Structures are given as C-alpha cells and as structure tokens.
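Reviewing the structure listed below.
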C-alpha cells in the first residue's frame, strides 16, 4: 500500500512542482514585497484616501452589479425553465456564449451601444434629443460588468429552476398565495443556495475585472486599473503588490465564505 | 405546460429585454465588421475588406493564440491528469490542502497572479520575452479546471471496481492507468481540454500584463485594435475571435449532452 501512495505522490509531483514554482513562490514574493517600503505599505489602501476611494468605488460597483445580475438572471432563469418554445436551446446557448468572451470585447460592445458612434446615440439623435453617450462613465462600466456576469447567472438559474420542486409552488397557489408570495416564500428560498454561490462568483469576478474597464478607459477608476497604472506607469511595484494583495484577499474571502456557508446546507439537501 | 399560463407577464417581458441587451451587441458587432461603412450601415453594402485587413495586420496574433491554447491543453493534460488521479485516490491531508491551493489562481484576480509572475521571473529576460512566459500564466490559471473536471470522473464508483478488477488480473500500474483509467475518463478529458482551450484563447487579464510587443495574443490584439483602429476593423477582428471560439464551444456543448446521455449525472 505504501508503494501505491508513493505512486500517487509521483503522479502529483509534476503538477505540485509546477504550481510551487510558478504560483506559490511568486505569490510569496508578492506578499513580501511591500515590506521593502515599510510595513505601512500593506495598509496603503486604508491610509491613502485616493486608494481607499478606488476600493470603495470597486466594492460599491461590484455589489450593485451582483444584486442586479442575481435579480435579472433569476427572472430569466425561472422564465426559461418554465417556457417551452422551439428556439429555447438556441436562445440559451446564445445567452451563455459571452461566458467565453474576454473583458475587452465586452468593453467594445458597450462602446458599440453607448459610445460616440453608438446605437443609442443614433436613436436619441433620431428622436431629436441629441447624441447621448454613456459608455465612458459609471453607466457604461455597470452595463459592461452586468453583460459579463449575466451569462453565468442565466445558465446557473435556468438549471436550478428546472430542478425546482413544482409541487411546492402548486401547493402554495392552491392555498391562495399571490404571485409575490410565491416568489417570496417558494422561489427565493429554493434558489438561495444557487444565489449565494453564483453571487460570490459574480462579485469576485467584478472586483478583479480588468479588460472591460481597460477598453472603456473609464473616468470611474476601479482598483484593478489603479494597480495596473501604479505598476506600468509609475513603476511603483511595492504599492501595486500591496493593492493586489488587498484585492486578492477580498475576492478569495468572498468565494471562501460563500463556499462554506453553502457547504453544510448543500450537503444536507 | 400548465405553468406557463401562470407566469406573470412581467417575467417574459424582462427576459425578452435581457435577451435583446445580450444579443444586440453581438449582432451589431458582426454587422459592423461586414459593412463598408459603419455610420451609413447596411446601405453602404457588405464587404470582406475589413476581415482581410485584420488578417493582414493581426494574423500573427490569431496563430499565436491558437498555438498557445494547444500547448496549454497539452501542458494541462500532462500535469493535470496524473494529478487529478492522485487527488482522487489519496486520503492524505496534504492532498486536500493542495486541492484547495490549486484553485487559488482562479479565486484571485489574474492581475495579481501576473504581477507575482513578473516580480519573480521578470529579470530572466529571455523567458520574460518569450511566449513561454504567457504559457506559464495560462497553465497556472487553467490547470484547476482540468484537474477538477477529470478528478470528478476518476471518483466515479464503477471506475474503482474496474481498476480493482484490472489490478487483480495482474495489470501493472502503467497498464491500468493508460489501458483502463484514461479510456474510462476520456469524455472528461476531452471536456477539460475544450474548456482549457477556450479559457486560454479568451484570456486577457493575465495576458495583457505578461505580453511584450513581440508576444501578442488575439485578445491583446483586440485591445490594441479597439484603441487605435476604426470601428469596422475592431468589429471584423471580434468576428474573427467568434469564428475561432464558436466551433470549440459547440463541441463542448455537444460533448456535455453526450456525457449526460451515456453516463448520467
């Protein structure tokens, strides 16, 4: 049996060595770097109001995006799980297609919709309202992040809502529950686990998203852009490291908490 | 279905609205890449001129991305499949710890991983300036997906019995692994490979930090064209990305159905 466990060790060895050399070691170095500039560098995000502002911006945007994604994704998921129509599989596969798009493409999409040559600008001009643009500010960023997150939520909620117990809803209706009561007392509790897991992923992805904000060159600065600027434009490596540690801890923690909050209940279900 | 009658009007209306929001930009971008002039729209007529201009300027990025994704698949297979097996069979605490650690590059923003890689290996200029640097980043990011997908297949109960039967018939570990285990988890291996391929082709967050002017991938080229080229060229380039990624996605979807039909879930 010990020779078997040695075999298992050999099987894992290449992956362990690769991971240690190209992720663990570099990340340990990243963690050590801010110390060169003094311990205060680790909490730079709290000490400098500009960085704190960037962090709060990113947190606020990600939270709002997460809530909007869960709400809209939930509605679309429940609807698609209930309706039967011939083009549903096609629609579902088109709606989940953007899952594999890099963030830059989504930034470009927002420019096509709300940029200076955008669709909305053409529409509002035709209506005699002048050329409206929204791509380069907070609205553009919000819509971009929403576009990025919705496919995952739609896919997850459609699967979860298809597996929902229809009898529970039937029972609630026959007892005279209104639509809102059904939504509040049947749908939301049944989809709570899904919402928690999906919400954490959407939140973490939004916090770390870079490509969309980069393409939009947004006036609303999010933390990943700040990190990028500190690193490439100002060569301030210690600070960039400190800010990425902060960002990484936030995204990891949100995923970790959601995973463990969902864990025991999911195992019991 | 009886339920659809009870669905309040608001829900299908929101669904339609969301669908338009999701699909309109794709349609718009495909169209913009094929018309002569974006501001005059379809009236200006259709053309493949922008696509050929994209291929003139950026074909090297398409080739680079495809090769990089293929190498990434090969690398993640070589590293990931044996590792997935070890993690599926081992009961040690170290295996659980490594399994947790392995998912960190997915949990942490790509920007942080890229920064760490540059700080650790940026001085090795021949490595830093080669595609191998980007490949390493992509491998770190995609390995957990391969290990998770294939590991789940290795954990199936009937496979344990199959492996035991092969062992009792005197098959060596090598024979069992290549002759019994790998064929049994082949659908998961193919699914993992397609997943790794799409992730690598679309990766931007890491790649933008890791690339150099001589090592540009498709998404890096896209960012460049959006910033510096006319809207028709950006759109045509996006269309090229779709053409690269779509067949793989369809394959993945088809395989998903196939696995569900043959193995259940």
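Does residue B:43 qualify as being loosely packed, with under 13 Cβ neighbours inside 10 Å and either within 26 Å of residue A:151 (Cβ to Cβ) or at pLDDT 90 or above (or both)? Here the answer is no, as residue B:43 does not meet what is asked. Only residues that are part of a helix (DSSP H, G or I) and surrounded by 16 or more Cβ atoms within 10 Å (Cβ to Cβ) were counted in the stretch A:215-235, giving 10. Applying the criterion of at least 1 residues that are surrounded by fewer than 16 Cβ atoms within 10 Å (Cβ to Cβ) and either at pLDDT 90 or above or at positive phi (or both) to the helices (runs of 4 or more DSSP H) found wholly in the stretch B:87-128 leaves B:93-102, B:125-128.
Given the residues B:179, B:170, which is the only one that is surrounded by fewer than 24 Cβ atoms within 10 Å (Cβ to Cβ), on the phi > 0 side of the Ramachandran plot and more than 10 Å from chain A (Cβ to nearest Cβ)?
Numbers: B:179 fails: on the phi > 0 side of the Ramachandran plot.
The conditions single out B:170.
Somewhere in the stretch B:42-49, is a residue over 26 Å from the mean Cα position of the chain (by Cα) and closer than 24 Å to residue B:216 by Cβ?
Filtering the stretch B:42-49 down to residues over 26 Å from the mean Cα position of the chain (by Cα) leaves B:42-49.
From what's left, closer than 24 Å to residue B:216 by Cβ: B:48-49.
Looking for residues that are over 26 Å from the mean Cα position of the chain (by Cα) and closer than 24 Å to residue B:216 by Cβ, one finds at least one in the stretch B:42-49, hence yes.
Could we say that residue B:256 is surrounded by fewer than 18 Cβ atoms within 10 Å (Cβ to Cβ), away from every other protein chain (no Cβ under 12 Å) and more than 22 Å from residue B:41 (Cβ to Cβ) here? Considered against the rule, which asks whether it is surrounded by fewer than 18 Cβ atoms within 10 Å (Cβ to Cβ), away from every other protein chain (no Cβ under 12 Å) and more than 22 Å from residue B:41 (Cβ to Cβ), residue B:256 comes out as no. Please identify the pairs in which a residue from the stretch B:143-157 that is more than 11 Å from residue B:77 (Cα to Cα) and more than 14 Å from chain A (Cβ to nearest Cβ) has its Cβ atom under 8 Å from the Cβ atom of a residue that is assigned to a loop (DSSP other than H, G, I, E, B) and modelled with pLDDT under 95, counting only partners at least 6 apart or on another chain. The qualifying pairs are B:153/B:185.
Out of curiosity, is residue A:251 in a helix (DSSP H, G or I) and under 29 Å from residue A:136 (Cα atoms)?
On the way: in a helix (DSSP H, G or I): yes; under 29 Å from residue A:136 (Cα atoms): yes.
Taking the combined requirement at face value, the residue satisfies it.
Does at least one position in the stretch B:52-68 carry a residue that is within 13 Å of chain A (Cβ to nearest Cβ), surrounded by 16 or more Cβ atoms within 10 Å (Cβ to Cβ), part of a loop (DSSP other than H, G, I, E, B) and touching a helix residue (DSSP H, G or I) at 6+ places or on another chain (Cβ under 6 Å)?
Going residue by residue through the stretch B:52-68, those that are within 13 Å of chain A (Cβ to nearest Cβ) are B:61, B:65.
Checking the rest, the ones that are also surrounded by 16 or more Cβ atoms within 10 Å (Cβ to Cβ) come to B:61, B:65.
After this cut, where a residue has to be part of a loop (DSSP other than H, G, I, E, B) as well, the list is none.
No - not one qualifying residue is present in the stretch B:52-68.
Out of B:25, B:8, B:12, I need the residue that is within 9 Å of chain A (Cβ to nearest Cβ) and not in a helix (DSSP H, G or I). Which one? I'd like the intermediate steps shown before the answer.
Details: B:25 fails: not in a helix (DSSP H, G or I); B:12 fails: not in a helix (DSSP H, G or I).
That would be B:8, the only listed residue that is within 9 Å of chain A (Cβ to nearest Cβ) and not in a helix (DSSP H, G or I).
Test residue A:186 against the criterion of being more than 11 Å from chain B (Cβ to nearest Cβ), under 25 Å from residue A:62 (Cβ atoms) and surrounded by 19 or more Cβ atoms within 10 Å (Cβ to Cβ), and give yes or no. The answer is no for residue A:186. Annotation: residue A:164 fulfils all but one of (1) in a helix (DSSP H, G or I); (2) surrounded by 16 or more Cβ atoms within 10 Å (Cβ to Cβ); the unmet one is (1).
Tell me the helices (runs of 4 or more DSSP H) entirely within the stretch B:158-265 that contain at least 2 residues that are farther than 30 Å from residue B:37 by Cβ. Hits in the stretch B:158-265: B:173-176, B:186-202, B:205-210, B:231-263. Filter the stretch A:53-108 for residues that are away from every other protein chain (no Cβ under 12 Å) and either in contact with a helix residue (DSSP H, G or I) (Cβ under 6 Å, 6 or more places away or on another chain) or closer than 30 Å to residue B:196 by Cα (or both) and give the result. Across the stretch A:53-108, the qualifying residues are A:54, A:55, A:59, A:61, A:63, A:65, A:66, A:67, A:70.
Looking at the stretch B:126-149, is at least one residue farther than 25 Å from residue A:21 by Cβ and out of contact with any helix residue (DSSP H, G or I) (no Cβ under 7 Å at 6 or more places or on another chain)?
Of the residues in the stretch B:126-149, the ones farther than 25 Å from residue A:21 by Cβ are none.
No, every residue in the stretch B:126-149 fails to be farther than 25 Å from residue A:21 by Cβ and out of contact with any helix residue (DSSP H, G or I) (no Cβ under 7 Å at 6 or more places or on another chain).
Within the stretch B:83-100, restricting attention to residues that are without any contact (Cβ under 8 Å) to a residue 60 or more places away in the chain and at the interface with chain A (Cβ under 7 Å from one of its Cβ atoms), the residue that is nearest to residue A:24 (Cα to Cα) is B:98.
The values are calculated or read from the model by the stated rules, or taken from the named source; none is laboratory data. Remember, it's a predicted structure, so these values are computed and weren't measured experimentally. Glycine also receives a Cβ, built like all others from the backbone with ideal geometry; neighbour counts cover every protein chain displayed.
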